[in-house]
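A short worksheet on the structure shown next.
The values are calculated or read from the model by the stated rules, or taken from the named source; none is laboratory data. Note that the coordinates shown come from a computational prediction; the quantities given were computed from them, not determined experimentally. Positions of Cβ are backbone-derived with ideal geometry, glycine not excepted, and every protein chain shown enters the neighbour counts. The accessibility values were calculated without ligands, DNA or RNA, using every heavy atom of the protein model including side chains. Shrake-Rupley method; radii C 1.70, N 1.55, O 1.52, S 1.80 Å.
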Amino acid sequence: VPAHNAAGLLPRSLGALRNSDLPKDRWELVVVDDGSADDTSLIAARYAETVVTLPGKPHGPAYARNRGFEVTRGDIMVFIDSDCVVHVDTLSRFAALFAAHPELGAAFGSYDDRPPASGVMSQYRNLIHHYVHHRNAGDVETFWAGAGAVRREVFAEAGMYDEWHYSRPQIEDIELGARIRRLGKRILLDPSIQVTHLKKWTFYGVVR
């Protein structure tokens, strides 16, 4: 979980991860605090086995996710954004999917249809994401890191996220997906794997 100034979000997002129905001895929670000016690291430490604190200015989610990967031990990396709340079965669905499909290189899910932020812009942005992912389920040519998973060896072979060209949230996950596909690895979009997106969108934010 990459996090920047996410102290207000983490009790809900990390709390949901800790309440997952996947037995805890099968997974570890790693949070990377990307140059936060609030209590992100302190709050993360209440939930995570490992908290990586990056000093100085924020480096962006690509850099943060790579640093998290470097301290993990698992065979499958599951990336969850700090403003995403997993469902109780999100992690177990990922685990079952990769166990059932040994040829699978990566997979990702979708926002659910219950975004909590009010307002037309927030509802629209979150629900259009839900709609697009449900309409395009199956084998895809892209990747999404809001709730996405990659086999460890595939992530390493692909070269991890491009932290040099993407120093802020952009298309670093889409670009990673393109490299995974060039390796000949399969990527699956399974919209039954869902998270609740907490982000509140503004008109200016959408335009930007």
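Structure notes:
- Filtered residues of segment 100-132 (kept if closer than 12 Å to ALA149 by Cβ and either among the small types (Gly, Ala, Ser) or open to solvent by 30 Å² or more (accessible area, probe 1.4 Å) (or both)): HIS101, GLY105, ALA106, ALA107, GLY109
- Some residue of segment 18-25 being surrounded by 20 or more Cβ atoms within 10 Å (Cβ to Cβ) and in a helix (DSSP H, G or I): no
- Scanning segment 43-61 for residues that are within 19 Å of TYR166 (Cα to Cα) and small (Gly, Ala, Ser) gives GLY56, GLY60.
- Note on segment 26-58: residues that are in a loop (DSSP other than H, G, I, E, B), open to solvent by 50 Å² or more (accessible area, probe 1.4 Å) and among the hydrophobic types (A, V, I, L, M, F, W, C) amount to 2.
- Condition check for PHE94: assigned to a helix (DSSP H, G or I), under 18 Å from LEU22 (Cβ atoms), in contact with a strand residue (DSSP E or B) (Cβ under 7 Å, 6 or more places away or on another chain) and open to solvent by less than 30 Å² (accessible area, probe 1.4 Å): yes
- Extreme residue, farthest from the chain's Cα centre (by Cα), among residues of segment 50-73 that are modelled with pLDDT under 95 and of a type in the set (D, E, K, R): LYS57
- Residue list for segment 1-17, restricted to those being more than 23 Å from ARG168 (Cα to Cα) and surrounded by fewer than 15 Cβ atoms within 10 Å (Cβ to Cβ): PRO11, GLY15
- The listed residue being under 22 Å from SER122 (Cβ atoms) and not in a strand (DSSP E or B), out of VAL206, VAL195: VAL206
- Residue match in segment 192-206 (condition: open to solvent by less than 80 Å² (accessible area, probe 1.4 Å), more than 14 Å from the chain's Cα centre (by Cα) and at pLDDT 95 or above): yes
- Among residues of segment 151-171 that are at negative phi, those with a Cβ under 9 angstrom from a residue that is among the β-branched types (Val, Ile, Thr) and in a helix (DSSP H, G or I), sequence gap 6+ or separate chain, pair up as VAL154/ILE180; PHE155/ILE180; GLU157/ILE180; ALA158/ILE180.
- Among the candidates TYR124, TYR63, TYR131, residue that is in contact with a Phe, Trp or Tyr (Cβ under 9 Å, 6 or more places away or on another chain), of a type in the set (Ser, Thr, Tyr) and closer than 22 Å to TRP201 by Cα: TYR124
- Where a residue in segment 1-29 is under 18 Å from VAL52 (Cα atoms) and its partner, wherever it lies, is open to solvent by less than 20 Å² (accessible area, probe 1.4 Å) and part of a loop (DSSP other than H, G, I, E, B), with Cβ under 6 Å and at least six apart: VAL1/SER82; ALA3/SER82; ALA6/SER82; LEU9/SER82; SER13/SER82; LEU17/LEU29; LEU29/ALA48
- Residues (outside any helix (DSSP H, G or I), surrounded by 23 or more Cβ atoms within 10 Å (Cβ to Cβ) and among the aliphatic types (A, V, I, L, M)) located in segment 146-183: ALA147, ALA149, VAL150
- Residue selection: SER122 satisfies the criterion of being touching a residue at least 40 places away in the same chain (Cβ under 8 Å), more than 18 Å from VAL1 (Cβ to Cβ) and among the polar types (S, T, N, Q).
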